[in-house]
1. I need a count of the residues in segment 71-87 that are within 16 Å of ligand 1 (Cβ to nearest atom) and either surrounded by fewer than 16 Cβ atoms within 10 Å (Cβ to Cβ) or more than 19 Å from Ile190 (Cβ to Cβ) (or both).
2. Pairs only if they're at least six apart or on different chains, beta carbon under 8 angstrom, first in segment 2-16 and within 17 Å of His78 (Cα to Cα), second in a strand (DSSP E or B) and within 16 Å of ligand 2 (Cβ to nearest atom); list them, first residue then second.
3. Need the failing condition index for Val189 against (1) in contact (Cβ under 8 Å) with a residue 12 or more places away in the chain; (2) in a helix (DSSP H, G or I); (3) surrounded by 12 or more Cβ atoms within 10 Å (Cβ to Cβ), just the number.
4. With the condition kept exactly as written, say whether any residue in segment 11-31 is in a strand (DSSP E or B), among the acidic types (Asp, Glu) and away from ligand 2 (no atom under 16 Å from the Cβ).
5. Among the residues that make up segment 150-158, is at least one of them surrounded by fewer than 20 Cβ atoms within 10 Å (Cβ to Cβ), basic (Lys, Arg) and assigned by TED's automatic domain parsing to the domain that holds His78?
6. Could you list, in sequence order, all residues of segment 16-49 that are more than 9 Å from ligand 1 (Cβ to nearest atom), modelled with pLDDT of 95 or more and within 22 Å of Cys203 (Cα to Cα)?
7. Residue under question is Ala112, and the condition is that it be in contact with a strand residue (DSSP E or B) (Cβ under 8 Å, 6 or more places away or on another chain) and assigned to a helix (DSSP H, G or I); does it hold?
8. Only one of Asp118, Asp86, Asp92, Asp128 is more than 16 Å from ligand 2 (Cβ to nearest atom), in a loop (DSSP other than H, G, I, E, B) and of a type in the set (D, E, K, R). Can you tell me which?
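The values are calculated or read from the model by the stated rules, or taken from the named source; none is laboratory data. Here the structure is a predicted model, which is why all the values come from computation and not from measurement. Please note: Cβ atoms are built from the backbone with ideal geometry, for glycine as well, and neighbour counts cover all protein chains shown.
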Amino acid sequence: MSEAVLEVTDLRKQYGETVALNGVSLTVQRGEVFGLLGPNGAGKTTLLSIAAGLTRADSGSVKLFGEPFTRDTRSLRHLVGIGTQDLSIYPDLTARENLRFFGKLYGMGGKALESRVDEMLGAVGLTDRANDRTGTFSGGMKRRLNLAVAVVHAPKLLILDEPTTGVDPQSRNHIFERVKALNAAGLTVIYTSHYMEEVQALCKRIAVIDNGALRACDTLPNLLKRLDTTVRVTVSGASADFSQRLQAIPGVKRAVRAEPNPLTPSLRRKGEQNHRRF
Ligand SMILES: Nc1ncnc2c1ncn2[C@@H]1O[C@H](COP(=O)(O)OP(=O)(O)OP(=O)(O)O)[C@@H](O)[C@H]1O
Ligand SMILES: [Mg+2]
């Protein structure tokens, strides 16, 4: 039977006049990689900060493994790890020192901590840079270490807020593989991104948030069914029955012919534009 790892109910948060969350409810089940998708300013980081106990909600509730959880709940804190959107690592510390520091925050120490630190450095491919100041690291290396510090204390729920920001495809793949391996080892993951293809690659269920509200929360196939896609195609010398032939393609709901607009040459040059809306 599925078990709720995180259950947020009617979360509201306002910063001055800005409504960051306007009554969001969702549940994350044990063992899943749950995607959170939404544009800039949608409220994703606010939601996750509250879920991780870093920020206080104005109202609403958070349950972690069935227990009420707020910023003041110390006892459940070790169950959650967060890879923050703004990097958490300290640039003046080495990679090893960063990992030790975060481990100690969660009460780890001694040989157990040292061997965990070594394990984490290996897992994110930073063993050979362990003793370098992280201020000297590339963006991708910093992101990988940011992921390692989030899991050094072996949490049960991992929250990743845009973990691939500013990384090259190689580091991105590395992060993807780590997330998959951690999930296969039993960790529940919440993965936040702007990119449909990232959540598509990793997540079975996806929540779409916009303007502080949950717009949809479903499996990918069900979300795709709701997707309303408009494709604008520019062709030269199209035959008179071109739109009828397009309409005959399976999955095309409607094809209409629009006269070219002389004021939008850039659109014609691009040839094709996609608009995806939920
Ligand atoms: N500490 C803060 N003080 C004031 N306003 C804030 C603060 N944190 C967030 N906001 C505002 O709340 C709204 C939601 O912000 P949030 O960071 O949660 O969005 P987001 O979905 O994570 O965006 P992004 O994709 O850019 O990271 C925005 O309008 C933002 O300006
Ligand atoms: Mg954010």
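1. Counting residues in segment 71-87 that are within 16 Å of ligand 1 (Cβ to nearest atom) and either surrounded by fewer than 16 Cβ atoms within 10 Å (Cβ to Cβ) or more than 19 Å from Ile190 (Cβ to Cβ) (or both) gives 2.
2. Once the first residue is within 17 Å of His78 (Cα to Cα) and sits in segment 2-16, its partners that are in a strand (DSSP E or B) and within 16 Å of ligand 2 (Cβ to nearest atom) give Leu6/Ile190.
3. (2)
4. Checked segment 11-31: no residue is in a strand (DSSP E or B), among the acidic types (Asp, Glu) and away from ligand 2 (no atom under 16 Å from the Cβ).
5. Yes - at least one qualifying residue is present in segment 150-158.
6. Val24, Ser25, Leu26, Thr27, Val28, Gln29, Arg30, Gly31, Glu32, Val33, Phe34, Gly35
7. So Ala112 does not fit the description; no.
8. Values: Asp118 fails: in a loop (DSSP other than H, G, I, E, B); Asp86 fails: more than 16 Å from ligand 2 (Cβ to nearest atom); Asp128 fails: in a loop (DSSP other than H, G, I, E, B).
Unique residue meeting the criteria: Asp92.
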